[in-house]
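Written below as structure tokens is the structure these notes are about.
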Amino acid sequence: MEGKDALPRKGVVIVKIALIAMSGIRVFNPVLAEIGLTLPGFVDRGKAIASLPSLSLLTLAALTPERHEVEYVEVADIRDLDELPECDMAAFSSYTAQIREAYEMADRYREIGVPTAIGGLHVTSLPNEALQHFDAVIVGEGEPVWPEVISDVESGRLSGVYSAKGAEYDLATAPIPRFDLLDPDRYNRLTVQTERGCPWHCEFCASSILLTDRYKHKPVPKVIAEIEAIKDLWPEDPFLELADDNTFVNKHYGRELAEALGGLGVHWFTETDVSVADDLELLRLLKESGCRELLIGLESPSEHGLNGLELKQNWKHKQVDGYRRAVETIQTHGIAVNVCFVLGLDGDGLEVFDAVEQFVEDTLPFDVQITVLTPFPGTPLYSRLLREGRIIEPGAWEKCTLFDVNYVPKNMTVEQLEENGLALGMRIYSAEATRRRRKGFKEQLAAGSAER
Ligand code: B12
């Protein structure tokens, strides 16, 4: 690593690039953290996902010219970091909750003259904030601009915002992520991405819709090639999580994908919307393909909670009558459902806590996820709540965890949301309720098999 004094203004020869993933799981409120992490139904999922690597950085590594050495580093908690990873350039990926830690590391790199770059969802929304700490900030999808970032750092010109907005990236040209940079013993779950964007626009969504306006797929043969690469590297097949926001909007693509996955002998999980339950042939193929679970954002069990939430067509509001049926249909096809609810929506009042519990008791999904409405920067929700003076602590990004409350709810107090949310969590993640749901799923599975 070169010291500041030794760093020439022009013609920087990069030798080693550290690709640094901010990788922690975060809950700000210590009470929540302590209780949440002991609840059986919660702990399983938490443990499973906590070890996922950064797909963005592995993808960029694959697009880095061979003349540069790359090292992939994960930082779960900056307090555990004795020394900065040694490198000639540090490129970070991060989400909102841990952005301050990325800024702190960048400041330290700046002190020793190492050029820095950062991309990802948070800085795509707030590039100017990030520029106070980083030499280069990448807005939008990383692939189209990474070669320019590298070339600018090589010529000593790395500076400012590099925007991929408008340069719509074609996933047909996606490289195979450098899974070989990972230690196979450390990961038993890996991510593969089949699509970006979403045709719906939920007000709170802070996912890949911030990167692209389009809903676009990776061609199935490309997805399969990535999985083959993983299978070559992992002696024991890892569980695959698709890093997708909504995999099965296009049912034709869904069936093609499921058929292709069926031949690979993998087990996998993805996120999609409730319309997947309308296509029984797709569900059958999904079961055969090794799909273990579908995570579906129902958001609220009530019509008033959903009203106005999806901004294009009020789509989710139109689906609510089919919610219970959908969970049953999917689970009788042998695929577990993880139903997700957002607590504290403007359309919901105090009755929502019991309504969620009732929904869960009635439908018995294998898993449930309850999170708190979270105004992530860059979302229409954030702009609206800021305008309405309802963000409690603007800029408190460490509270963007999906569990901490940093806004004034409409139909309840902050304390009511926190206390009722916690109490609901204690009930639905208890050993007894978790056992009931697992049993319920098995019964639905058996009923489905008997029918077929
Ligand atoms: C896998 C995952 C994780 C992994 C992350 C592993 C890692 N280190 O990357 C784990 C389990 C650790 C995790 C943790 C958390 N997560 Co998470 N996670 C996801 C998930 C499922 C997939 C993300 C993904 O891989 N996308 C695919 C990659 C390719 O996209 P990408 O990262 O955006 O990268 C592209 C661009 O942004 C850009 N880019 C990104 N980095 C860089 C860097 C450079 C240098 C360049 C040039 C470009 C670039 O290029 C990439 C390719 O185009 C998403 C949900 C989803 N369905 O997408 C949630 C999601 C990202 N997580 C979310 C949240 C809230 C969290 C947690 C706060 C949860 C918690 N309470 O702890 C933590 C925070 C982590 C942190 N460090 O801050 C939110 C983030 C919202 C936001 N704007 O911050 C999401 C969108 C889910 C949601 N419900 O909204 N998560």
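Rounded to the nearest 0.05, what FRET efficiency is calculated for residue 163 and residue 383 with R0 set to 25 Å and r the Cβ-Cβ distance?
Working: r = 20 Å, r/R0 = 0.79.
The pair residue 163/residue 383 has a calculated efficiency of 0.80.
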Report task. Give the angle, between 0 and 90 degrees and rounded to the nearest 10, that separates the Cα long axis of helix 99-111 from the longest principal axis of the Cα atoms of the chain. Result -> 10 degrees
**Report entry** Cys with no candidate disulfide partner in the chain (beta-carbon separation under 4.7 Å rule)
**Finding:** 87, 198, 291, 340, 400
Query raised in the report: When DSSP beta bridges are limited to those with both residues in the chain, what percentage is antiparallel, rounded to the nearest 5?
Result: 10 percent
Query raised in the report: Helix 352-363 versus the longest principal axis of the chain: what is the Cα-based angle in degrees, 0 to 90, to the nearest 10?
Result: 70 degrees
Query raised in the report: In vacuo Debye scattering of the chain, one point per C-alpha: log10 I(q)/I(0) at q = 0.05, 0.07, 0.11, 0.13 Å⁻¹?
Result: -0.18, -0.36, -0.91, -1.27
Requested in this report: Obtain the nm distance between the two label points defined at residue 112 and residue 259 by a simple spin-label model: each point lies 7 Å from its Cα along the Cα-to-C-beta direction.
Outcome: 5.4 nm
Requested in this report: Determine the shape class of the stretch 374-419: with a ≥ b ≥ c the square roots of the Cα gyration tensor eigenvalues, call it rounded for a/c under 1.5, and otherwise prolate if a/b is greater than b/c, oblate otherwise.
Outcome: oblate
Report summary line: The ³J(HN,Hα) series, computed from each phi in the stretch 113-118 with the Karplus coefficients 6.51, -1.76 and 1.60 at θ = phi - 60°, rounded to the nearest Hz and given as x for glycine or proline, is x, 8, x, 10, 9, 9
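What FRET efficiency, computed as 1/(1 + (r/R0)^6) with R0 = 45 Å and r the Cβ-Cβ distance, is obtained for residue 414 and residue 81, rounded to the nearest 0.05? Please list the in-between numbers first.
Numbers: r = 33 Å, r/R0 = 0.74.
That pair, residue 414 with residue 81, gives E of 0.85.
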Report summary line: Computed ³J(HN,Hα) along the stretch 151-165: with the Karplus parameters 6.51/-1.76/1.60, θ = phi - 60°, integer Hz and x for glycine or proline, the list is 5, 5, 5, 5, 9, x, 10, 5, 5, x, 9, 10, 9, 9, 4
Query - Distance from the stretch 181-257 to the stretch 259-338 (C-alpha centre basis), Å - result: 16 Å
Query - Interchain or long-range residues, amide H under 5 Å from residue 162's placed H - result: 137, 138, 139
Query raised in the report: Once both axes come from the Cα atoms, what is the angle between helix 220-233 and the longest principal axis of the chain, in degrees from 0 to 90, rounded to 10?
Result: 70 degrees
Requested in this report: Counting other Cβ atoms within 10 Å, keep those with at most 15, restrict to DSSP loop, and tell me which GluC sites (Glu not before Pro) in the stretch 381-452 are left.
Outcome: 388
Query raised in the report: Binned at 10 Å from 0, what are the whole-percent values of the Cα-Cα distance distribution for the stretch 296-430, short to long?
Result: 12, 42, 34, 11, 1
Report summary line: In order over the stretch 166-175: 3J(HN,Hα) from phi, Karplus 6.51/-1.76/1.60, θ = phi - 60°, whole Hz, x for each Gly or Pro, gives x, 8, 3, 7, 8, 5, 5, 9, 5, x
Report summary line: Counting sequence-distant residues (5 or more places) and residues on other chains, those with an amide H built under 5 Å from that of residue 192 are 241, 242, 243
Requested in this report: Pop the C-beta distance of residue 29 and residue 63 into the FRET formula with R0 = 30 Å and round what comes out to the nearest 0.05.
Outcome: 0.15
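Since every read-out is calculated from the coordinates, none of them should be taken as a lab result. As the structure is a prediction and not an experimental result, all values here were calculated from the model. Backbone-built Cβ (ideal geometry, glycine too); neighbour counts: all protein chains shown.
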